[in-house]
Structures are given as C-alpha cells and as structure tokens.
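Quick note: the coordinates plus some simple rules give every number you see, no bench work behind them. All of these numbers come straight from a predicted model, not from anything done at the bench. Neighbour counts are summed over all protein chains in view; Cβ atoms, including those assigned to glycine, are modelled from backbone coordinates with ideal geometry.
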Amino acid sequence: MLRVWGRRSSFNLQKVMWLVDELGLAHEHILAGGDHGGLDTPEFRAMNPHGRVPVIDDGGVVVWESHAILRYLAARHGGEQYWSPDAATRSLADRWMDWSGTTLQPDFLTGVFWGFYRTPEGRRDNAAVARSIGRCSAHFRLLDRILADRPFLGGDAFSLADIPAGTALYRYYGLEIDRPNVLNVEAWYRRLQERPAYAQHVMVPFGELYGRLDF
C-alpha cells in the first residue's frame, strides 16, 4: 500500500494527497511534521535526507519533493489522462508545474502567505509583502488570460497542470489581501472546488499557521 508522510496543513502535502485521491489509490497517511514531529528520526532521514514532507513509499519506492511525487504517481498510476505517452502533451503539464514551483509559489507562498499570514504582525516587512501581492496579481491576471478559452490549464480536461497552481487558490482567496478581478480564475476555482479530492485535501483550515514561523 502507498504510504504518505506529512501534516494536513502542509501546502506541498495537499498537492500530493489531492492527486492520490483523484487516482483512487489505497493509501496510509502518516501524520508527520509540525506539531506531529518525526522528521529528525533516523528512519525518516533515511527516506528523505532533507527532513521535509511530503514523502511517499510506494511498495518500496521512496520519493520526496512534491512535484517529483506528482510526476511519479501520474506515470505509475495515472494512465494517459495524467501521463500522456506523447512528450509534447506531457510538457504542457510540466510547464505549468514548473512555473508554479519557480514563479507563483515563491511569490505567493513565501512572499505573501509566509510574509503576511505566518509572520507576526510586528515582524512583517509590509513593503516586501506589498510587492509580493503585486507580483501575485500579475500572475493571476496571466492565468486569467490563459483560462479565457479553456476550463483547465492544460485544456479541456483536468490534469497535472492544475494541481500546483490550483492548490494555492484556497489560501489566496482566504487571505485579507488585495486581489485583481480575474473572473476566469474564479470560475476555474469553482470547478476545482466541485472535485471531492480538492475539497477534502486542499480546503483545509489553516488558522493554526497564523503568526507562526516555527513550521
């Protein structure tokens, strides 16, 4: 059975659990990280020397790093919907996954969610947060243009392309920050919320993280 380590409020774990549920994979979720601890044990470090979640063990195949896990699960268990035999088709999902990891996630998760929500008010760099919010607005305007002629980032069907950026939406729309008017992104967000796996694994209350920098 697939085993998955991480805490439910972990952004990167949520990506993985979302796909696990979309694929209908039998699994065991082992709470780790944050208040659950367990990341510094020899057993965990043997799986991931970086001591971070998520980590999976799929019948003896251990994988860490959320996007590597997504690609592995899609390739091994996802069929053509998630792992096309055509390299050009696969590259579309890869592009959006990498863009999310290198562009959207640093500006939103690090710059806004950490810089604003998770940093105690007296320690915030408000100017830096404002710049990150502005960059996020530009990113979501870009997504809005892309989604003007398609229901999902990869086209007509839900795919890996949607998962990393889509995971950010629940927190993005849950913060008291300025946001642009992006109707196509909002429609995409509604479509994702209709997916049971998204509702269960991504729409997880994150109040425990407010003003908390320790994990």
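Some values worked out for this structure:
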quantity	calculated
FRET efficiency for residue 94 and residue 210, using Cβ-Cβ distance with R0 set to 35 Å, rounded to 0.05	0.55
Counting DSSP beta bridges with both ends in the chain, the antiparallel % (nearest 5)	70
Solution diffusion estimate, µm²/s, Stokes-Einstein, the chain, Kirkwood Rh from C-alpha pairs, 37 °C, viscosity 0.692 mPa s	183
Equivalent ellipsoid dimensions for region 2-81 as semi-axes, Å, which come from the Cα gyration tensor, largest first	21, 13, 10
Antiparallel bridge percentage (DSSP; both residues within region 2-81; nearest 5)	65
Least to most buried among 172, 198 (fewest other Cβ within 10 Å first)	172, 198
Helix-only mean residue ellipticity at 222 nm for the chain, each DSSP H run of n ≥ 4 adding -39500 (n - 2.57), per residue, nearest 500	-13500 deg cm²/dmol
Region 86-125 and region 187-215: distance between their alpha carbon centers, rounded to Å	15
Per-residue Cβ neighbour rank within 10 angstrom, fewest leading, 82, 117	117, 82
Largest-first principal axis extents of the Cα set of region 126-215 (Å)	39, 28, 18
In region 154-215, the trypsin sites (Lys or Arg not before Pro) that fall in loop regions by DSSP, at most 16 other Cβ within 10 Å	212
